[in-house]
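Just below is one structure, and these are the notes that go with it.
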Amino acid sequence: MVIGEGSADRSTQPFEGRSILVTGASSGLGAAAVRRFAAGGGRVLAASRDQVALAEVAASCADLPGEVRFGPLDVSSPADCKAAVAAAVEAYGRLDVLVNNAGRHDFRMTTEVTEEQWSRDIAVNLGGAFFLAQAAIPHLLESSGNIVNVASVAGVIGEAYSAAYTAAKHGVVGLTKALAIEYLKTPVRVNCVCPGGMDTPQAHTIEVPDGADWDLIMRVSAQRGFMTADDVAAVIAFLASDDAKAVHGSIQLVDAGHTAG
Ligand SMILES: NC(=O)c1ccc[n+]([C@@H]2O[C@H](COP(=O)([O-])OP(=O)(O)OC[C@H]3O[C@@H](n4cnc5c(N)ncnc54)[C@H](O)[C@@H]3O)[C@@H](O)[C@H]2O)c1
């Protein structure tokens, strides 16, 4: 679905001519990133499971200079990850940026986590980022492109009742570093943002398990209040842009001081 096409001015449209795949683009940070890239003249494939919500995100970009198409993706499926990269390349003839944003966070007592829940949390929050990167890298080598992974403050500190999420997000940080070293001698860049609390559906749908210790829950509360999704999307757009051409293997905290000490 083509929503809008615009003209070129590299100074105001840093993503003009660039093809960008954003996962988990149907709400929150992913949707904000789609709008940032479209505002910068980018050609975006917005991918997620909810096609109705994706259509609304694409429609919200109608007045922007870029182009937004959308399509299905369940990041827990390696086949879907491969297909989403192929769809972006087919849509725009190239791939310049992959934003691994899709994620889910459920609070659960560790002793009550089922095998299925553990596997799903790891597959969605970590496996998808790997399989998308694996499929994207050959195209990024051609375009001298880059990957921006979305981890969390839970990628650098522990969060109570979130063992699988925290392990997966630490894994996303490790994945970023591993790829940064493996592709050190190429032009491909790989970076990671670690957001703190953002005002998105994820933050509002969290259910705390019965018997949880609120003292431990409040350790991860946002002391300066929630950031907006666009606050974090701005940093994703910077990392994906040529302005960040010297930034590679960076784990960028965007947490309003949450982990400062
Ligand atoms: N909201 C916060 O406070 C916060 C803090 C730190 C990190 N994060 C991370 O930021 C990212 C975006 O989260 P958000 O806050 O915008 O939440 P959100 O719930 O609004 O967005 C999550 C997106 O991921 C998608 N998604 C979930 N499972 C998927 C799957 N299996 N396949 C494809 N897409 C899937 C959802 O459909 C949605 O589009 C996530 O990786 C999340 O872990 C969020």
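The values are calculated or read from the model by the stated rules, or taken from the named source; none is laboratory data. Note that the coordinates shown come from a computational prediction; the quantities given were computed from them, not determined experimentally. As a convention, Cβ positions derive from the backbone with ideal geometry for all residues, glycine included, and neighbour counts pool all protein chains shown.
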(request) For Ala237, state whether it is farther than 30 Å from Thr114 by Cβ, under 14 Å from the mean Cα position of the chain (by Cα) and not polar (S, T, N, Q). (result) yes
(request) Sort through Arg36, Arg69 and tell me the only one that's outside any loop (DSSP other than H, G, I, E, B) and either within 15 Å of the ligand (Cβ to nearest atom) or surrounded by 24 or more Cβ atoms within 10 Å (Cβ to Cβ) (or both). (result) Arg36
(message) Please determine whether any residue of segment 250-257 is of a type in the set (Asp, Glu) and more than 11 Å from the ligand (Cβ to nearest atom).
(response) no
(request) Output the number of the condition that Asp213 fails; it satisfies all remaining conditions of (1) within 11 Å of the ligand (Cβ to nearest atom); (2) modelled with pLDDT of 95 or more; (3) over 28 Å from Ala133 (Cα atoms); (4) not polar (S, T, N, Q). (result) (1)
(request) Those residues that are within 12 Å of the ligand (Cβ to nearest atom) and surrounded by fewer than 18 Cβ atoms within 10 Å (Cβ to Cβ), I need them from segment 157-187; list them, please. (result) Ile157
(message) I'd like the full set of residues that are farther than 18 Å from Tyr161 by Cα and aromatic (Phe, Trp, Tyr), limited to segment 178-226.
(response) Tyr183, Phe226
